[in-house]
Amino acid sequence: RSGSDLGSLGPVSEVESLSAESLSAETLSLQSSDGSPAELEELERVAALREVLFTVGNSALHLCVASVLHLRYPDATSSDLHQMLACAVNDDALSYVAIKSGMDQFLYDKEAEDLAKFRAEVAVADAAGWEEWN
């Protein structure tokens, strides 16, 4: 496989050609889809870009956190570092950080039921943590 080929995602140039303008809410919304071939192709391109961004971002995050953990705990075993990395970089921890930092205000679906439930769980966790640590 060549360096510019991402397997089923097609050539990198196809993914790179997507711009912020092409990722409009109308493009990303399946509800506004009329099912035309051009629109479906655009949705496939957006899905490919999202997959690439997720993969690259996830790998970069793991690399950064693993580097910090290795520097902070130079005598830790590989198993210890793996356990700390798994605790630091998981969906629950990252969701908590997103809520606490206000990044949830920029999510596509701000009114999702799951997001409201998670915000309530964050409030409960904060209260329990405050009680435990103070």
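The values are calculated or read from the model by the stated rules, or taken from the named source; none is laboratory data. Remember, predicted model here, so these are calculated numbers, not experimental data. Cβ coordinates were reconstructed from backbone atoms using ideal geometry, including for glycine residues, and neighbour counts include every protein chain displayed. Areas reflect the complete protein model, heavy atoms only, side chains present, ligands, DNA and RNA absent. Shrake-Rupley method; radii C 1.70, N 1.55, O 1.52, S 1.80 Å.
Side notes on the structure shown:
- Estimated translational D of region 37-89 in µm²/s (Stokes, Kirkwood radius over Cα pairs; 20 °C; 1.002 mPa s): 164 µm²/s
- Spacing of the modelled spin labels on GLU131 and HIS82, each 7 Å from Cα toward Cβ, amounts to 3.6 nm.
- Kirkwood hydrodynamic radius of region 81-134, from inverse mean 1/r over distinct Cα pairs, in Å: 12.4 Å
- Residues of region 37-89: accessible area per residue with a 1.4 Å probe, Å²: 73 Å²
- Calculated from backbone phi, Karplus (6.51, -1.76, 1.60) coupling profile of region 98-103 in Hz, x at Gly/Pro: 4, 5, 5, 8, x, 5
- Full extension of the chain segment joining ARG119 with ALA47 gains 23.2 nm, where the gain is 0.36 nm per residue of separation less the Cα-Cα distance.
- Solvent-accessible area, 1.4 Å probe, carbon plus sulfur percent, for region 37-89: 64 percent
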